[in-house]
Amino acid sequence: MYLLRMVLKNAFRHRLRTTLTVAGLAVAVLSFGLLRTVVDAWYAGAASASNARLITRNSISLVFPQPRSYQARIRSVEGVAEVAYSNWFGGIYKDPKNFFAQFAVSDNYLNLYPEFVLPDDQRLAWQRDRMGALVGRQLADQFGFKIGDPLALRGTIYGGTWEFVVRGIFDGVDDTRVTRQMLFHWDYLNETLRKGAGPRPDQVGVYISVIDHPDDAATISRRIDAVFRNSLAETLTETEQAFQLGFVAMSDQIIAAIRVISNVVILIILAVTANTMAMSARERTAEYATLKALGFGPGFLALLIVGESLAICAIGGGLGLALTGPAAEGFRQAAGNVLPIFNVSNETVALQAASALAVGVLAAIVPAIQTARVRIVDGLRAIV
Amino acid sequence: MAQPLIEIRNLRKAYRRGEQIVPVLTDISLDIATGDFTALMGPSGSGKSTLLNLIAGIDKPDGGTLAVGGLDITQLSEGQLAGWRAAHIGFVFQFYNLMPVLTAFENVELPLLLTGLSRSQRRDRTAMTLDMLGLSDRMDHYPNELSGGQQQRVAIARAIVSDPTLIVADEPTGDLDRRSAAEVLSMLQRLNQEIGKTIVMVTHDANAARAARAIIHLDKGELGGVPELQTQL
């Protein structure tokens, strides 16, 4: 208790300096947490993707379609339980800034995605309405969509104005699921295309297959691709997670830069805190020499210095941690469509706390060693 | 003469200043008896503070022996010296050297943390010591709330609270006005006469030295003749 009182009193002897250091620590810990959460958010889609689902796309590029007829052939491959398909629609809702994903999907699409929960009556209503659309909860909340609302999209890939009616709102089974997308009937798209509006009909963007055993994903992928070898549209099949990571890989360098910056922020605050502790220890050279003269050993002095550093870092780090939640929520709202899942993970919170703790210990090491080495007679003569 | 508490034989100490070696103490031999109040006097650079530091075990000699209570402290390691100082030495510094973040009470209690006393025993002894030095009404004050004389009294209380064998005082009146200096000297005399504490005090003030029973003169690192015995006031 005596030591703790001395530590806390020492920590606030230079109020302005300590306050600035605490503020710096809070900002650093907060920034570290937010930057790590940005990285996590970037990988959120891939993290929540399933290894029990395979994505089959045109082997040349995702932008090239595949014939609709592939569904039955993929379904016949050993190990495949069910096959659905979807097309990226790329429509504009009122204004290009209102970006959200829209997919034209097969009727069985939601059977493959148990992580999306849709009440039975809404599913039935959607299946009965060729112009029906399903919207995710996050999307509905953002634009105020309600069941029965008309919804019009201006096509970019598929020209013209496309009319829909909201027939259902689906939720994620947990808050890691992105529900900022819209689904509608692939048949509606295809029938319209058959009337001569835009690209060729009977084409599919990707096939989604549910497989019986995720461990067999590689084998089944090879089997699927073997079926279409030497065809006009050869395929490339991979797990949904690998497919998602392929998108993330496009921004690998940005992610790497964000990771580096998050670590640099901690290194900078380590230098600032070490400077604060070095100044404090230097100013108290005579006091520490007096304690040594009285018989206190270097260990006691090290505890005083490390304790003071830890106290400052605990306050600054705690403040940073407390601010991370509200700041992340603000960031999520500001980022909108870009990072729909922006949750601060427990791992990030633990790393923030560990960083503050590490800064507290590391910043005090050099001053503690220097203080332990100072000769008592030199320390007593010290004038600061 | 009573049994010597401090026995110094052929003590040498030099400092290195760049390539140059500056001798500070040259072949010092002297005894200080238990219960003595000795003043070390001399001009600046005479080596009096260095001798006091060696006696207090906060500096190490280059040669010779220095025994306190029969123990040659020149042979002790840093860790052993720290323990020895905690048990046997009470320090009074010119600029008090109190911990500014601690109250008078906490400053006086500080050396007792190194003893095996319980919290209540520490508090009782601290309160008694402060009372003895007339500081009962100042125990909750921080050093910056006390006058120089009061701070030095707190420092004296800190020096005696653990009942050390020896009190070393380095210019204890050097930063005080005449009245406060007289109070502090009178207090040291009382400790010496009433409790029998052995005190070694460095001073360059002849008036302060008169409070001691014996004066040892140092000049250029050498003793200036035999100790001069004084009649106590």
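Scanning the range A:276-290 for residues that are within 14 Å of another protein chain (Cβ to nearest Cβ) and either among the basic types (K, R) or in contact with a Gly (Cβ under 9 Å, 6 or more places away or on another chain) (or both) yields A:R284, A:T285, A:A286, A:E287, A:Y288, A:A289, A:T290. In the range A:144-167, the qualifying residues are those that are in contact with a strand residue (DSSP E or B) (Cβ under 8 Å, 6 or more places away or on another chain) and of a type in the set (F, W, Y), and the one that is surrounded by the fewest Cβ atoms within 10 Å (Cβ to Cβ) is A:F145. Considering A:T290, A:T235, the condition of being surrounded by 16 or more Cβ atoms within 10 Å (Cβ to Cβ) and closer than 30 Å to A:S76 by Cβ is satisfied by A:T235 alone. Considering the range A:111-135, the residues that are hydrophobic (A, V, I, L, M, F, W, C), out of contact with any helix residue (DSSP H, G or I) (no Cβ under 7 Å at 6 or more places or on another chain) and surrounded by 18 or more Cβ atoms within 10 Å (Cβ to Cβ) include one that is nearest to A:A334 (Cα to Cα), namely A:V135. The test for being part of a helix (DSSP H, G or I) and of a type in the set (V, I, T) holds for B:V184. For the residues B:S120, B:S162, the requirement of being out of contact with any helix residue (DSSP H, G or I) (no Cβ under 8 Å at 6 or more places or on another chain) and either within 13 Å of another protein chain (Cβ to nearest Cβ) or farther than 27 Å from B:D205 by Cα (or both) singles out B:S120. Selection over the range B:136-176 of residues that are crowded, with 21+ Cβ neighbours inside 10 Å, hydrophobic (A, V, I, L, M, F, W, C) and touching a Phe, Trp or Tyr at 6+ places or on another chain (Cβ under 9 Å) gives a count of 6.
Within the range A:60-74, if we keep just the residues that are without any contact (Cβ under 8 Å) to a residue 12 or more places away in the chain and not hydroxyl-bearing (S, T, Y), the residue that is nearest to A:V206 (Cα to Cα) turns out to be A:V63.
Of the helices (runs of 4 or more DSSP H) lying entirely inside the range A:1-93, those carrying at least 1 residues that are under 30 Å from A:D216 (Cβ atoms) and not basic (K, R) are A:15-48, A:70-75.
The single condition among (1) without any contact (Cβ under 8 Å) to a residue 12 or more places away in the chain; (2) assigned to a helix (DSSP H, G or I) that B:Q152 does not meet is (1). Tally time: how many residues in the range A:37-75 are more than 30 Å from A:Q253 (Cβ to Cβ) and in contact with a helix residue (DSSP H, G or I) (Cβ under 8 Å, 6 or more places away or on another chain)? Total meeting the criteria: 4. Residues that are of a type outside the set (A, V, I, L, M, F, W, C) and at the interface with chain A (Cβ under 9 Å from one of its Cβ atoms) were ranked within the range B:72-89; the one that is surrounded by the fewest Cβ atoms within 10 Å (Cβ to Cβ) is B:G79.
All of A:L20, A:L8, A:L30, A:L4 fail the test of being of a type in the set (A, V, I, L, M), out of contact with any Lys or Arg (no Cβ under 9 Å at 6 or more places or on another chain), surrounded by fewer than 22 Cβ atoms within 10 Å (Cβ to Cβ) and more than 14 Å from every other protein chain (Cβ to nearest Cβ), apart from A:L20. Looking at B:A82, is it under 25 Å from B:L5 (Cβ atoms) and not in a helix (DSSP H, G or I)? Spelling it out, it is not the case that B:A82 is under 25 Å from B:L5 (Cβ atoms) and not in a helix (DSSP H, G or I). In the range A:291-302, the count of residues that are within 19 Å of A:V22 (Cβ to Cβ) and either of a type in the set (D, E) or more than 31 Å from the chain's Cα centre (by Cα) (or both) is zero. If you scan the range B:102-121, which residues turn out to be out of contact with any His (no Cβ under 9 Å at 6 or more places or on another chain) and part of a loop (DSSP other than H, G, I, E, B)? Within the range B:102-121, B:L102, B:T115, B:G116, B:L117, B:S118 qualify. Report yes if some residue within the range B:56-71 is of a type in the set (V, I, T), more than 11 Å from every other protein chain (Cβ to nearest Cβ) and under 16 Å from the mean Cα position of the chain (by Cα); otherwise report no. Yes, because at least one residue in the range B:56-71 is of a type in the set (V, I, T), more than 11 Å from every other protein chain (Cβ to nearest Cβ) and under 16 Å from the mean Cα position of the chain (by Cα). In summary, B:N97 fulfils each of the numbered conditions (1) touching a Lys or Arg at 6+ places or on another chain (Cβ under 7 Å); (2) at the interface with chain A (Cβ under 10 Å from one of its Cβ atoms); (3) part of a loop (DSSP other than H, G, I, E, B) with the single exception of condition (1).
Coordinate-derived values only; no laboratory data. Values in this document were obtained by computation on a predicted structure and should not be read as measured data. No Cβ is skipped: glycine too gets one built from the backbone with ideal geometry, and neighbour counts run over all protein chains shown.
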